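K.L.:
Have a look at this one before I ask anything.
Derivation of every value follows stated rules applied to the coordinates shown; laboratory data play no part. Since this is a predicted model, take the numbers as computed values, not measurements. In this analysis, Cβ positions are derived from the backbone assuming ideal geometry, glycine residues included, and neighbour counts consider all displayed protein chains.
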Ligand code: GLN
């Protein structure tokens with residue numbers, strides 16, 4: 001069974017845990033460096049990116065998580081988590097310019113149907129960031145109209161929407177496949 005860590009300092013931690021459990025994965029809530037061993041993947045949840053970034057630093061998690069991501073641990077950032085992965089963010093490991101609150105105030109939060117790989121799935125946006133530019137090594141996995149809403153670069157996945165807030169498990173399953181694949185390489 002794969003074990004997925006969820007950075008558990010602020011934001012949609014429980015919702016990701018429920019979606020992972022529904023897919024049969026084992027979940028570890030990561031709150032301190034002691035929680036970071038033997039994970040097959042890591043989720044940076046949605047929430048408030050400045051708060052999560054600050055708490056990550058205060059918890060002494062910034063350096064250990066950066067090291068794991070640099071070593072190739074599969075990581076998925078949703079919304080605020082995506083901001084932390086993008087250029088200028090806490091980890092800055094995904095070559096993408098991700099602009100915070102790009103669609104305006106809370107009133108413009110919405111549920112829409114967009115494409116993730118070859119499926120149309122529900123997408124929940126809450127004060128979503130916008131992927132303004134994606135680097136040449138990235139692969140676009142999800143779009144809503146012209147907008148890029150899911151992006152992958154190697155073992156890094158970013159979504160500007162919240163798959164864990166809908167009942168559709170497509171993206172969670174996709175990340176679990178990345179984690180299984182990564183685990184084979186990571187521990188080889
Ligand atoms: N607006 C939040 C931020 O900039 C992200 C919102 C979310 O994660 N749903 O941190």
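K.L.:
What is the helix-to-structure angle for 170-186, meaning the angle in degrees between its Cα long axis and the longest Cα principal axis of the chain, kept from 0 to 90 and rounded to the nearest 10?
P.N.:
Once rounded, one gets 30 degrees.
K.L.:
Say we join alpha carbon atoms closer than 10 Å with springs in a Gaussian network model of the chain; which of 118, 16, 162 then has the biggest fluctuation?
P.N.:
Between 118, 16, 162, it is 118 that shows the largest mean-square fluctuation.
K.L.:
If you don't mind, there's one more thing I want to ask. When only C-alpha pairs under 8 Å and at least 6 residues apart count, what is the relative contact order of the chain, in percent?
P.N.:
Averaging sequence separation for qualifying contacts and normalising by length gives 21 percent for the chain.
K.L.:
While we're on this one: Nearest 10 degrees, 0 to 90: what angle lies between the long axis of helix 13-22 and the longest principal axis of the chain (Cα atoms)?
P.N.:
That helix lies at roughly 80 degrees to the long axis.
K.L.:
Go through 153-160, 78-85, 26-33 and give me the packing order, highest mean Cβ count within 10 Å leading.
P.N.:
78-85, 153-160, 26-33
K.L.:
What whole number of Å gives the distance from the Cα centroid of the range 1-19 to the Cα centroid of the range 150-167?
P.N.:
About 14 Å separates the Cα centre of the range 150-167 from the one of the range 1-19.
K.L.:
Arrange the following residues from fewest to most other Cβ atoms within 10 Å of their Cβ: 1, 123. All intermediate terms of the calculation are to be shown ahead of the outcome.
P.N.:
Details: 1 6, 123 27.
Fewest-to-most Cβ neighbours within 10 Å comes out as 1, 123.
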